[in-house]
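J.: If you scroll down you'll find the structure; I have some questions about it.
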Amino acid sequence: MKELIKKLAQVSAPSGRERKAHLAILEELEGFIDGHRFDNVGNLIVWKNGNGENKKKIIFDGHADEIGVVITHIDERGFLRIDPVGGVNPLMLLGVLMNFDGITGIVSYEAETDEDARKSLTQPSYDRLFVDIGATSHEDACKKVHIGQFGSYLSPFFDLDPMLVSKSMDDRVACAIVVQTIKETQHPYHDIYGVFAVQEEVGLLGAKVAAYDLHADIAIAVDVTAHTDTPKGNKRMDLQLGKGPAIKIKDKGSISDETIVRLLTTCAEENQIPFQYEVLVFGGTDAQGYQLTGAGIKAGTLSIPCRYVHSPHEMVHIQDVTNAVRLLKAVALKPNW
Ligand code: CO
Ligand code: ZN
């Protein structure tokens, strides 16, 4: 499972450019699914037919995109200016390495005067950031990158057993969970649709289209969520790494359908799977996209508590991941609910 997470998280595939992530997922699923297709907006949809008499159609969603940046300008000396793709706080970028399809860039900031340097550090903004790809001139830079090219964090995978650290755990850890669930569920009771949705980070685009397309009975979005278990973590919430996957009650974007909260809770209890309930006071997931599209689909979210979300180093607990797989398997196999 660790190898699978590493493989999917280390792929560079920001929102709108998910292809490489999709190909890695498909490679893993070969021989384990009954079919797959790409829809009009680029979602990868895979399915595995159930054999139950009263089977339902279930979506397990993990968004394939990751946050990133896009090149907006290349100056006369070959330095790049960028804009975020999704929620990338410029504060997170100071000193960070970015990957533009194999070209490495270092993010630094303007510092014409001491006061200017102080401002760049205390009020980082995209106006003050630039990227250095080691180019010696505009022409040299243009041989390596172009305006409109997407980039993502360049940061390695670390196994800090039991914690795992990588860029893009949001949301490749969920892609890995959905892949593993399908692999381990040879004979599901229900029809299982794995949706590896595009462009979650910029507005749940893929989930909204898949919801309209698939007419499923329920949709469970799998995504990372916040943590509160570091020094002076948010004291209005309780989310701990290693305490089990989190059954979301609500976040800023949606309230999980009560049926799904009950289904996940029952499956966890019946199989002695540890879990926690999540009330997130901000944020949102693809569940919202499924709920508000077409005639609406009953939807909820299964979350993986994660430290340092949207930073280059996102941390999850391996047992929360494996227990999420156990829980989704139980859902795929449970006859009546
Ligand atoms: Co995110
Ligand atoms: Zn996410």
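J.: Would you mind telling me which residue in ALA287, ALA268, ALA141 has the biggest mean-square fluctuation in a Gaussian network model of the chain, where springs connect alpha carbons within a distance under 10 angstrom?
T.: Judging by the Gaussian network model, the answer is ALA141.
J.: Sort region 149-260 into rounded, prolate or oblate with this rule: let a ≥ b ≥ c be the square roots of the eigenvalues of the Cα gyration tensor; rounded if a/c is under 1.5, and if a/c is not under 1.5, prolate when a/b is larger than b/c, oblate otherwise.
T.: Rounded, because the longest to shortest axis ratio a/c is under 1.5.
J.: Under 20 Å from a point placed 7 Å out from the Cα of HIS215 along the Cα-to-Cβ direction: which residues of region 10-51 have their backbone N that close?
T.: 35-41, 45-51
J.: Still on this model: Could you check the spin-label model distance between GLU115 and LYS143? Points 7 Å from the Cα along Cα→Cβ, value in nm.
T.: It is 4.2 nm.
J.: With θ taken as phi - 60° and the coefficients 6.51, -1.76 and 1.60, list the Karplus ³J(HN,Hα) couplings across region 192-204 in order, rounded to whole Hz; mark glycine and proline as x.
T.: 9, 10, x, 10, 9, 6, 8, 6, 5, 5, 10, x, 6
J.: Moving on. Non-local amide H neighbours of ILE273 (under 5 Å, H modeled in plane, Pro and chain starts lacking H): which ones?
T.: none
J.: Okay, next question. Just to be sure I follow the definition: excluding the sites themselves, where is the longest run in the chain that has none of the GluC sites (Glu not before Pro) in a DSSP loop with at most 14 other Cβ atoms within 10 Å?
T.: The longest uninterrupted stretch comes out as 113-337.
J.: Take the alpha carbon gyration tensor of region 72-126, find the square roots of its eigenvalues, order them as a ≥ b ≥ c, and report rounded if a/c is under 1.5; if not, report prolate when a/b exceeds b/c, else oblate.
T.: Oblate is the answer for region 72-126, as a/c is 1.5 or above yet b/c matches or exceeds a/b.
J.: Of ALA64, ALA197, ALA226, which has the largest mean-square fluctuation in a 10 Å C-alpha GNM of the chain?
T.: ALA226
J.: Another question about this same structure. With the Cα gyration tensor of the chain giving a ≥ b ≥ c as the square roots of its eigenvalues, does the rule (a/c under 1.5 for rounded; else a/b larger than b/c for prolate; else oblate) give rounded, prolate or oblate?
T.: Verdict is prolate for the chain.
J.: Given the -39500 (n - 2.57) contribution per DSSP H run of 4+ residues, what per-residue ellipticity at 222 nm results for the chain, rounded to the nearest 500 deg cm²/dmol?
T.: -8500 deg cm²/dmol
J.: Angle between the Cα long axis of helix 169-184 and the longest principal axis of the chain, 0 to 90 degrees, nearest 10?
T.: 30 degrees
J.: Taking Cα atoms, how many degrees apart are the long axis of helix 205-214 and the longest axis of the chain, rounded to 10 and kept between 0 and 90?
T.: The angle comes out at about 30 degrees.
J.: Hey, which of these cross-link pairs are over 22 Å Cα-Cα: LYS6/LYS56; LYS20/LYS144; LYS119/LYS252?
T.: In this structure, LYS6/LYS56; LYS119/LYS252 lie more than 22 Å apart at Cα.
J.: Report for the chain the percent antiparallel among DSSP-assigned beta bridges with both residues inside it, nearest 5.
T.: Of the beta bridges lying entirely in the chain, close to 65 percent run antiparallel.
J.: Rank these for me by crowding, ILE45, ILE304, going from fewest to most other beta carbons within 10 Å.
T.: Lowest to highest Cβ neighbour count: ILE45, ILE304.
J.: Out of all DSSP beta bridges in region 8-98, what portion is antiparallel? Express it as a percent rounded to 5.
T.: Given both bridge residues lie in region 8-98, the antiparallel proportion sits at roughly 90 percent.
J.: Separate question: Using Cα-Cα distances under 8 Å and only pairs 6 or more residues apart, what relative contact order does region 68-153 have, in percent?
T.: Worked out over region 68-153, it gives 44 percent.
Taken together, the values in this text are just the output of simple stated rules run on the coordinates, not laboratory data. This is a predicted model, so every value here is computed, not measured. For neighbour counting, all protein chains shown are included, and Cβ atoms are generated from backbone atoms with ideal geometry for every residue, glycine included.
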